[in-house]
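Chemist: One structure follows; several queries about it will come next.
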Amino acid sequence: MKLIESPINRNLNLETFYPNITKFLFDHTCIKYYKLYTLDRVQIIYVDTYEKIYLVMLDTKKKIKRSEVDTAIHRLLHTDRDHVQVDVKMKQRMIDAGVTFSQARKDIVVVSMDAAESSVAS
């Protein structure tokens, strides 16, 4: 699987790219920085807040496989699945909260890790 960083050439807000997802997940949270990646067909948003690091994985065509989640954790967070929290039911929680998507989303997975653990792992 190829992990490619998508360049951001303009000063754009993360809420411009994914308004409903960012409002639901990071409504009152300060974001230090973010990066956009693609892992085959899966879009990954790497969000570094001051307390936690999040990987928001989105796919419009299929369910996200466990191997894709493990690959993203290993390559971006440099750790294994035991040191992170994986929420595979994020899409259902968003639908239950009344979030409507501008594009069809087949699956949304959120991986979170404490920022203190990431500095120790690096």
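The values are calculated or read from the model by the stated rules, or taken from the named source; none is laboratory data. In this text, all values refer to a predicted model and were calculated from it rather than measured experimentally. Glycine gets a Cβ as well: all are built from the backbone with ideal geometry, and neighbour counts include every protein chain shown.
Chemist: Among the residues of the range 9-45, how many are of a type in the set (Asp, Glu) and under 15 Å from Asp107 (Cα atoms)?
Modeler: Number satisfying all stated conditions: 1.
Chemist: Of the residues Lys62, Lys35, Lys106, Lys52, only one is farther than 23 Å from Lys2 by Cβ and modelled with pLDDT of 90 or more; which?
Modeler: It is Lys52.
Chemist: Consider the range 27-60. How many of its residues are surrounded by 12 or more Cβ atoms within 10 Å (Cβ to Cβ), without any contact (Cβ under 8 Å) to a residue 24 or more places away in the chain and either outside any loop (DSSP other than H, G, I, E, B) or within 13 Å of the chain's Cα centre (by Cα) (or both)?
Modeler: 3
Chemist: Test of understanding: among Lys23, Lys91, which residue is of a type in the set (Lys, Arg), part of a helix (DSSP H, G or I) and crowded, with 18+ Cβ neighbours inside 10 Å?
Modeler: Lys91
Chemist: If you check every pair at least six apart or on different chains, which have Cβ atoms under 9 Å apart with a residue in the range 85-101 that is among the hydroxyl-bearing types (Ser, Thr, Tyr) first and a residue that is surrounded by fewer than 16 Cβ atoms within 10 Å (Cβ to Cβ) second?
Modeler: Final answer for the pair search is Thr100/Asn20.
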